[in-house]
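The values are calculated or read from the model by the stated rules, or taken from the named source; none is laboratory data. Bear in mind the structure is a predicted one, so any value in this text is a computation, not a measurement. A quick note on method: Cβ atoms are made from the backbone with ideal geometry, for glycine too, and the neighbour counts reach across all protein chains shown. The area values use the complete protein model at the heavy-atom level, side chains included, leaving out ligands, DNA and RNA. Shrake-Rupley method; radii C 1.70, N 1.55, O 1.52, S 1.80 Å.
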Amino acid sequence: MATRYLIRATGVARPGQLAGLGNALAAGRARLLDINQSVTFGMLSLEMLVGLDQDSALEAALSEAGDTLGLDVQAIAVSGDDYQRWSEQASQPRLILSLLAPKLPAGILAEVGSLTAEFGLTVELIHRLSGREALEGDSPANGACVECWLRGSDVELEALREKALALGAQHGVDIAIQEDTIWRRHRRLVCFDMDSTLIKTEVIDELARRHGVGDEVADVTERAMRGELDFQESFRERMSKLAGLEESVLKEIAAELPLMDGVERLMANLKRFGYRTVILSGGFTYFARHLQEKLGFDEIHANELVIENGKVTGDVKEPIVDAQRKADLLEQIALREGFTLEQTIAVGDGANDLKMLAKAGLGIAFRAKPMVRAQARQAISTLGIDAVLYLIGYREADLIE
């Protein structure tokens, strides 16, 4: 039976250490089974799992190499039972837990550690995706993101997400949990809601304000976004109040649309990485088309205002883009482009986005109402919309500004 050792080497990092340890392993006729190395502030931490099929002078060779290389080297025998448990754990499903915030409080680590332990999860790896804090102590320009790899079996994922959401709310941190699959870094289609997602306003409310019916329409909009009203019914009610609005007002509002934090950076990187990007909006094509021209979306689907004699009539062309149509369009576009649903991402903030978020492989509620955050699988509230890139798995070093 093969003998297995965990080799642990620590010390001040310098060139040639990996080569020296590798030569010692070769002299001991060891087989490399696993390896992990990191260097932090010039300090090396290296772990290797090796196997031996016959007796050798491995420990003596490693000790001599450590003296030469300036490393403290330990060789720890791994029992058959320990190796079996390690193998079984490595075959368990992996979850990705992401912590996102302008700054991450140190106390969140203890809370996350307790949460994962409660659900029988082992923290396999923790690493940073975001940029480093400046020497002066300023927050990273695009926020902080730390990613934890978790292993465990028979995890009640919805219960875990529910507790993570509550925990994050206490600390002002977004805690996103997703299953680690082959599709995570192979998403191809990203569909966005527009109002309060890509832009910082609800356009229909702004139209109503310019038309003198702002309070009436805003109240209906707020109730619809909270899921208290049927979207199509509320949409027709709001549209009727816009009858007679001058078309020139649409042009003025389109020119002044306030973009959401991080949207230009997000779009630049999605296009660079080859994603197909789509607006699926319960708003209006007039404004979605403006964003398409400005930011480069591949296609848009929204509601078409009926304009006659230079004025809004209060009607829209059928079909109305509501929650079900958003979900259907996402699936139709994926099918047309040859993508699986697992390769799709959806981002939105309102109740009429929930069906789209549920259908997508990765559904993200962005700066959403509490009810929407609670029902969505993932949520981002503390950073700009470009934090979507962290949930896909990109590091700051991968991205352009």
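Just one of the numbered conditions (1) outside any strand (DSSP E or B); (2) open to solvent by less than 20 Å² (accessible area, probe 1.4 Å) is not true of Ala397: (2).
Using the structure shown, decide if Leu229 is under 26 Å from the mean Cα position of the chain (by Cα) and of a type in the set (A, V, I, L, M, F, W, C). Break it down stepwise before answering.
On the way: under 26 Å from the mean Cα position of the chain (by Cα): no; of a type in the set (A, V, I, L, M, F, W, C): yes.
Here the answer is no, as Leu229 does not meet what is asked.
When you scan the stretch 97-118, do you find a residue that is outside any loop (DSSP other than H, G, I, E, B), under 29 Å from Val50 (Cα atoms), touching a residue at least 12 places away in the same chain (Cβ under 8 Å) and open to solvent by 30 Å² or more (accessible area, probe 1.4 Å), even just one? No, because not a single residue in the stretch 97-118 is outside any loop (DSSP other than H, G, I, E, B), under 29 Å from Val50 (Cα atoms), touching a residue at least 12 places away in the same chain (Cβ under 8 Å) and open to solvent by 30 Å² or more (accessible area, probe 1.4 Å). Of the residues that sit in the stretch 24-44 and are in a helix (DSSP H, G or I) and in contact with a helix residue (DSSP H, G or I) (Cβ under 7 Å, 6 or more places away or on another chain), which one is surrounded by the most Cβ atoms within 10 Å (Cβ to Cβ)? Among those residues, the one meeting the criterion is Ala24.
Can you work out which of the residues in the stretch 203-214 that are without any contact (Cβ under 8 Å) to a residue 40 or more places away in the chain and either in a helix (DSSP H, G or I) or not aliphatic (A, V, I, L, M) (or both) is least open to solvent (accessible area, probe 1.4 Å)? So that I can check it myself, show each step before the final result.
Going through the stretch 203-214, the residues without any contact (Cβ under 8 Å) to a residue 40 or more places away in the chain turn out to be 205, 208-209, 211-214.
Of the ones still in play, those that are also either in a helix (DSSP H, G or I) or not aliphatic (A, V, I, L, M) (or both) are 205, 208-209, 211-212, 214.
Numbers: Asp205: 37, Ala208: 0, Arg209: 138, His211: 61, Gly212: 64, Gly214: 17 Å².
My answer is Ala208.
When the stretch 154-176 is filtered for residues that are in contact (Cβ under 8 Å) with a residue 60 or more places away in the chain and either of a type in the set (Asp, Glu) or open to solvent by 50 Å² or more (accessible area, probe 1.4 Å) (or both), the ones remaining, listed by number, are Glu162, Leu165, His171, Asp174. Each residue in the stretch 71-96 was checked for being loosely packed, with under 14 Cβ neighbours inside 10 Å and not in a strand (DSSP E or B), and 11 pass. Evaluate the stretch 187-202: report whether one residue or more is over 28 Å from the mean Cα position of the chain (by Cα), more than 30 Å from Leu95 (Cβ to Cβ) and in contact (Cβ under 8 Å) with a residue 40 or more places away in the chain. Among the residues of the stretch 187-202, not one is over 28 Å from the mean Cα position of the chain (by Cα), more than 30 Å from Leu95 (Cβ to Cβ) and in contact (Cβ under 8 Å) with a residue 40 or more places away in the chain, which makes the answer no. Taking the residues in the stretch 192-202 that are assigned to a strand (DSSP E or B) and out of contact with any Pro (no Cβ under 8 Å at 6 or more places or on another chain) as candidates, determine which candidate is farthest from Leu259 (Cα to Cα). Only one residue fits best here, namely Phe192. Just checking, does the stretch 72-82 include any residue being touching a helix residue (DSSP H, G or I) at 6+ places or on another chain (Cβ under 8 Å), farther than 23 Å from Ala2 by Cβ and acidic (Asp, Glu)? Checked against the condition, which is being touching a helix residue (DSSP H, G or I) at 6+ places or on another chain (Cβ under 8 Å), farther than 23 Å from Ala2 by Cβ and acidic (Asp, Glu), the stretch 72-82 yields at least one hit. In the stretch 122-153, the residue that is farthest from Ser38 (Cα to Cα) out of those that are hydrophobic (A, V, I, L, M, F, W, C) and surrounded by fewer than 20 Cβ atoms within 10 Å (Cβ to Cβ) is Ala141.
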